[in-house]
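The values are calculated or read from the model by the stated rules, or taken from the named source; none is laboratory data. Predicted model, so just to flag it, every value in this text is computed and none were measured. In this analysis, Cβ positions are derived from the backbone assuming ideal geometry, glycine residues included, and neighbour counts consider all displayed protein chains. Remember, those area values only see protein heavy atoms, side chains included, never the ligands or the DNA or RNA. Shrake-Rupley method; radii C 1.70, N 1.55, O 1.52, S 1.80 Å.
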Amino acid sequence: MKIVVIGTGYVGLPHAAVLSEYGHEVHAYDIDETRIAAYQSGEAGNIERYVNEPGLADIVAENVNRYLFFTTDVTGVVEETDVFFLCINTPPNRDGSTDMSYYLNAIHHLGNLLAQRHNKQRVVLVNKSTVPIGTARLLESVMREHGVENFGVASNPEFLAQGNAVEGSRRPDRIVIGADTLEDMEILRRLYSQFVNHVRIRYLETTPETAEAIKYVSNTLLLTYISFWNGVGGRLAEAIPNIRMEDLKVGVTADARISTWGSYVSNGAGGSCFGKDIQSLIYQLNHAGRPTDLLRAVYNINEYQKIYLIDRAIHEAHFNFNQKKVALLGLSFKKRTNDMRDSAALRVAESLLSRGVATIQAYDPLAMDEARRNWFNPEKNYLYERITYHDSAVEAIEGTDALYISTDWEEFRGLARTIRTTVKPPYLVIDGRRMLPDFENLVAAGYDYLPVGGLLMRGRSNSSEAYSENDQAIPAIDELPQQVPA
Ligand code: UGA
């Protein structure tokens with residue numbers, strides 16, 4: 001089939017590449033010329049500068065100019081196309097609603113071109129990126145406005161997690177198609193023929209609105225699991241001695257009805273999707289006049305979780321951050337990505353700076369360039385000048401009074417030894433990911449250990465006095481500081 005994919009970011013490029021593997025003729029379009037030139041080169045380094053997903057560059061290199069074509073001019077490929085996928089970014093507005101301006105520009109442009117088609121064969125326009133419920137209907141009315149003939153609209157949300165886009169596209173757990181007519185369902189069945197009737201893949205056909213809702217409900221439920229474990233399991237183990245977090249998790253999730261995913265406690269979930277999608281769903285439900293208490297609690301718990309350990313360091317360990325040097329280890333929102341969007345580390349840094357730290361010594365295995373981009377501009381916050389950038393964990397830890405682990409990079413599992421050979425107690429280790437299996441040795445050697453989902457463990461009886469040398473009034477815990485708009 002002849003396919004056009006509009007928008008070649010984290011959603012569009014893997015989708016276009018994997019479709020081309022199945023022998024479809026795929027034209028991937030983007031307005032960004034440098035991005036298209038990079039993909040067109042077929043060079044891994046160039047491609048990964050825009051979308052860094054394991055295995056993706058190889059598929060692009062193998063199929064470019066054979067099954068996969070890149071273009072900045074969609075005019076030439078409109079004729080005889082069976083399916084258009086819309087993979088346009090839909091960032092959040094300040095009030096939690098979705099910024100539809102890029103999407104609207106793209107569909108008006110497309111409507112204009114489709115109205116001038118010579119060949120009037122059936123064409124299906126499919127929303128792939130996450131868009132508010134009702135967007136397929138909006139797409140339909142814009143096409144009518146432009147006088148496009150013989151078209152259908154559909155919703156086919158993607159459920160890929162970052163770092164797993166290629167595997168997830170090749171072996172999805174489900175394909176959800178929301179369309180109005182059998183004719184359009186048939187076209188999409190042909191497109192996804194390898195997944196229809198597959199023994200392991202759920203192929204679901206439904207209405208466009210249901211398909212759009214499935215995406216929002218999926219993401220907000222996943223975030224609910226995370227907030228539940230952080231807000232309930234974690235809180236219990238942080239307050240009551242002798243509760244072992246990992247055992248609690250195993251015991252509870254042994255029940256086949258309960259998800260294991262989301263059951264590890266952390267300093268909050270980040271990334272470009274969860275926060276944005278839950279805010280958008282709250283906005284959509286509010287707009288429909290419906291209560292949103294559960295979603296608001298889930299969102300607020302997750303946002304507070306990102307800085308909660310700093311409050312615990314102050315109130316439980318009596319650590320005063322004023323004029324201290326702190327190592328911040330792990331900046332991306334999860335391991336194996338350089339993406340820092342909505343990352344806990346961003347909130348942690350803001351919180352540390354507002355509490356008067358002298359320096360934040362930052363390190364991440366992949367996200368250093370991204371970090372410089374985020375924090376380089378002192379006009380955004382003049383305190384960003386206090387952040388220094390380091391090439392290794394050891395270098396970031398040297399000369400500090402405390403460290404904060406924010407991302408679950410595997411290399412951090414060996415940090416206990418690095419800490420012992422690099423800095424001397426009194427020293428506070430704040431672990432937002434429960435990354436140190438040998439924390440007991442660390443505590444025995446005199447270091448204080450404050451993990452998420454666990455009690456503070458004191459290495460030295462007098463460390464709280466040492467921490468409070470240049471004490472000042474300790475601010476009260478500001479419960480749920482980030483309230484979403486009502
Ligand atoms: C998420 C969803 O998992 C995908 O299903 C969805 O398709 C995607 O958003 C999207 O809407 O595009 P992603 O943002 O790549 O995927 O990240 P996840 O792997 O789900 O992790 C999100 C955050 O939750 C990370 O910060 C991670 O470290 C954290 N997390 C995850 C926890 O804190 N605890 C957990 O148990 C699991």
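For D369, D255, D311, give me the order by solvent-accessible area with a 1.4 Å probe, most accessible first, ignoring ligands, DNA and RNA.
On the way: D369 100, D255 50, D311 5 Å².
The residues order as D369, D255, D311, largest area first.
With θ taken as phi - 60° and the Karplus curve 6.51 cos²θ - 1.76 cosθ + 1.60 applied, the whole-hertz 3J(HN,Hα) list for the range 260-265 is 7, 4, x, 8, 9, 7 Hz, x standing for glycine and proline.
Give me the Å³ per residue figure for the convex hull around the C-alpha atoms of the range 1-90.
Working: hull volume 7.5 nm³, N = 90.
Roughly 84 Å³ of hull volume per residue.
Partners of K249 within straight-line reach, counting lysines whose Cα lies under 26 Å from its Cα and excluding those fewer than 8 residues away in the same chain: K306, K334, K335.
Counting DSSP beta bridges with both partners in the range 335-466, what percentage is antiparallel, nearest 5?
Values: 1 of 12 bridges.
Bridges in the range 335-466 that DSSP calls antiparallel: roughly 10 percent.
Shown for the range 308-383: the carbon plus sulfur share of the solvent-accessible area, taken with all protein chains present and a 1.4 angstrom probe, equals 48%.
Computed from backbone phi, the HN-Hα couplings of the range 327-343 come to 8, 10, 10, x, 10, 6, 6, 7, 5, 6, 8, 9, 6, 10, 4, 6, 5 Hz, rounded to whole numbers (Karplus: 6.51 cos²θ - 1.76 cosθ + 1.60, θ = phi - 60°; Gly and Pro given as x).
What translational diffusion coefficient, to the nearest whole µm²/s, does the range 113-193 have by Stokes-Einstein, given a Kirkwood radius computed over alpha-carbon pairs, a temperature of 20 °C and 1.002 mPa s viscosity? Please list the in-between numbers first.
Details: Rh = 14.0 Å.
Estimated diffusion coefficient is 153 µm²/s.
What a 1.4 Å probe finds exposed on the range 403-461 is 47% carbon and sulfur by accessible area, rounded to a whole percent. Residues whose amide H lies under 5 Å from that of T98, counting only those 5 or more places away or on a different chain, are N93; hydrogens are built 1.01 Å from N in the peptide plane.
Take the alpha carbon gyration tensor of the range 1-155, find the square roots of its eigenvalues, order them as a ≥ b ≥ c, and report rounded if a/c is under 1.5; if not, report prolate when a/b exceeds b/c, else oblate.
Numbers: a/c = 2.02, a/b = 1.28, b/c = 1.58.
Oblate, because a/c is 1.5 or more while a/b does not exceed b/c.
Under the shape rule built on the C-alpha gyration tensor, where the axes satisfy a ≥ b ≥ c, the range 247-396 is prolate, since a/c reaches at least 1.5 and a/b is greater than b/c.
Leaving out ligands, DNA and RNA, and with a 1.4 Å probe, what % of the accessible surface on the range 17-154 is carbon or sulfur?
On the way: 2710 of 5990 Å².
Ligands and nucleic acids excluded, carbon and sulfur reach 45 percent.
Quick one: accessible area per residue over the chain, 1.4 Å probe, rounded to a whole number of Å²? Could the numbers behind the result be given before it?
Values: 21440 Å² over 486 residues.
Dividing the accessible area of the chain by its residue count gives 44 Å².
The calculated FRET efficiency for F376 paired with S193, based on their beta-carbon distance and R0 = 51 Å, is about 0.60. Across every pair of non-identical alpha carbons in the chain, the mean reciprocal distance, once inverted, gives a Kirkwood radius of 24.4 Å. Relative to the current alpha-carbon distance between R235 and L113, full extension at 0.36 nm per residue lengthens the span by 38.3 nm. Each of the peptides 408-415, 289-296, 193-200, 384-391 was scored by the mean count of other Cβ atoms within 10 Å over its residues; in descending order, highest first, they stand as 408-415, 384-391, 289-296, 193-200.
If you sort the three axes of the alpha carbon gyration tensor as a ≥ b ≥ c, you get a/c of 1.5 or more for the range 254-332 and a/b above b/c, which makes it prolate.
When the chain is described by a simple charge dipole with +1 on each Lys and Arg Cβ and -1 on each Asp and Glu Cβ, the residue from L450, L436, N242 located farthest towards its positive end is N242. Looking at the chain, the DSSP beta bridges with both ends there are about 10 percent antiparallel.
Where does the chain land at 222 nm, in deg cm²/dmol rounded to the nearest 500, when only DSSP H runs of n ≥ 4 count, each adding -39500 (n - 2.57), divided by all residues?
Working: 19 runs with 190 residues, N = 486.
That calculation yields -11500 deg cm²/dmol at 222 nm.
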